[in-house]
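Beneath this line is the structure, given in structure tokens, with notes to follow.
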């Protein structure tokens, strides 16, 4: 099973590298949103909470623009039937999940670097900040993978994706915003326990998605 | 037997329910600090209760669609109808709640934990209906919308841990407090619980009616397809 999943991930990466437009657009979207915030602010000072809110809103919309793509592409190219002939639904889910996690972590690296650089933010606890970004992005990627599959089957694009993702992503966004603001201003370092919450939440979502994915992918 | 139980059902809805309303508005004493405005309690709490019950009902039918092969088509409209009633009652909860909030806390909206959770419930219902309507031509509509509702349902317990940490509460802790008792006078408690009871029966009544309509439409559609 492992080699089959790796095979599928390799296939996805090859396709994305050959036709770079979609991934490029996701990266460009993330970069431009960050830059536009910085340009619009024009050096005005933000409080740590405002920094945290803007940072996670940028990450949220970057996820909304890029993470449904992997499933929508399979539907558009009419590949989904061939995929289900060769792979079991669980294998498809796990490979797409890993692809999305890698993609979103790399998007978040760009957003974080640009944000810290252009808005001159220096977190008091850099380790907490990095751990928050990694676990928050992990949670966002794991939730949006199953919802991306749902959206690709509905065939109505990214606006539906945002609508159905928002209520389910709210606990992640709240926790991540709180942790980020703490790591920037340095108050209440005991909040680091909430990282466990982010990881636990993604664990629950991943296990339920793993169980229910076949009902989305195959007709029953 | 069937007509006898139906008679009790109608009696509860058309005679006892107005009686409970009258009792809530006239005979029950008003709360000490809140005054006459406290009477909205007997409508606000039951309506909120129904919106949660509908969510659980819709979630139950969604799980059953996935795990059992029996009555799938029936369960699809049952889940949909429960969500349909749920969103109406959620809107009613928000409206009655914000009227009461204006009177007792001074503004229509305060981002109190319970206000926040009811808004999230409303968002989930709205997303569910958007998804459901987007899936109109999909043969797998019932499976996909059920999966979404299940994922939304497992998210709800996490909000219980998260929201109170973010927003301070203004709601009186009548239900959740240290000594696990409900601090209400006996007369008010009686009115509140009978009100919740009749509202639940009323919910059962409209839910049953909607399911009957859907089942008739479903058989009609099937006959049309056969011809």
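Does residue A:58 satisfy the criteria of being under 19 Å from residue A:121 (Cα atoms), at pLDDT 90 or above and buried (at least 16 other Cβ atoms within 10 Å of the Cβ)?
yes
Among (1) within 11 Å of chain B (Cβ to nearest Cβ); (2) buried (at least 23 other Cβ atoms within 10 Å of the Cβ), there is one condition residue A:180 misses while meeting the rest; what is its number?
For residue A:180, the failing item is (1).
Quick one: is residue A:151 over 25 Å from residue A:43 (Cβ atoms), more than 12 Å from the chain's Cα centre (by Cα) and surrounded by 23 or more Cβ atoms within 10 Å (Cβ to Cβ)?
yes
Residue-wise test of (1) farther than 30 Å from residue B:215 by Cβ; (2) modelled with pLDDT under 85; (3) under 18 Å from the mean Cα position of the chain (by Cα).
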site: B:27; (1), (2), (3): yes, yes, no
site: B:33; (1), (2), (3): yes, yes, no
site: B:40; (1), (2), (3): yes, yes, yes
site: B:57; (1), (2), (3): no, no, yes
site: B:74; (1), (2), (3): no, no, no
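Just need a number here: residues in segment A:113-154 that are more than 19 Å from residue A:205 (Cα to Cα), away from chain B (no Cβ under 14 Å), in contact (Cβ under 8 Å) with a residue 24 or more places away in the chain and part of a helix (DSSP H, G or I).
Within segment A:113-154, residues that are more than 19 Å from residue A:205 (Cα to Cα), away from chain B (no Cβ under 14 Å), in contact (Cβ under 8 Å) with a residue 24 or more places away in the chain and part of a helix (DSSP H, G or I) number 7.
Take the residues of segment B:98-122 that are within 27 Å of residue B:150 (Cα to Cα) and more than 14 Å from the chain's Cα centre (by Cα): which is nearest to the other protein chains (Cβ to nearest Cβ)?
Checked segment B:98-122; the qualifying residue nearest to the other protein chains (Cβ to nearest Cβ) is B:116.
Tell me yes or no: at least one residue of segment B:77-85 is within 30 Å of residue B:37 (Cα to Cα), away from chain A (no Cβ under 14 Å) and out of contact with any strand residue (DSSP E or B) (no Cβ under 8 Å at 6 or more places or on another chain).
There is at least one residue in segment B:77-85 that is within 30 Å of residue B:37 (Cα to Cα), away from chain A (no Cβ under 14 Å) and out of contact with any strand residue (DSSP E or B) (no Cβ under 8 Å at 6 or more places or on another chain).
Looking at B:139, B:147, which one is facing another protein chain (nearest Cβ under 9 Å) and modelled with pLDDT of 90 or more?
B:147
Name the one entry in A:177, A:195, A:206 that is out of contact with any strand residue (DSSP E or B) (no Cβ under 9 Å at 6 or more places or on another chain) and within 17 Å of residue B:153 (Cα to Cα).
The conditions single out A:206.
For segment A:187-212: of the residues being more than 10 Å from every other protein chain (Cβ to nearest Cβ) and in contact (Cβ under 8 Å) with a residue 40 or more places away in the chain, which is surrounded by the fewest Cβ atoms within 10 Å (Cβ to Cβ)?
A:189
If I filter segment A:154-169 down to residues being surrounded by fewer than 21 Cβ atoms within 10 Å (Cβ to Cβ) and at pLDDT below 90, which single residue comes out as nearest to residue B:137 (Cα to Cα)?
So the residue we want is A:155.
The values are calculated or read from the model by the stated rules, or taken from the named source; none is laboratory data. Being a predicted model, the structure only gives us computed values, none of them experimental. Note that we place each Cβ from the backbone using ideal geometry, even for glycine, and neighbour counts take in every protein chain shown.
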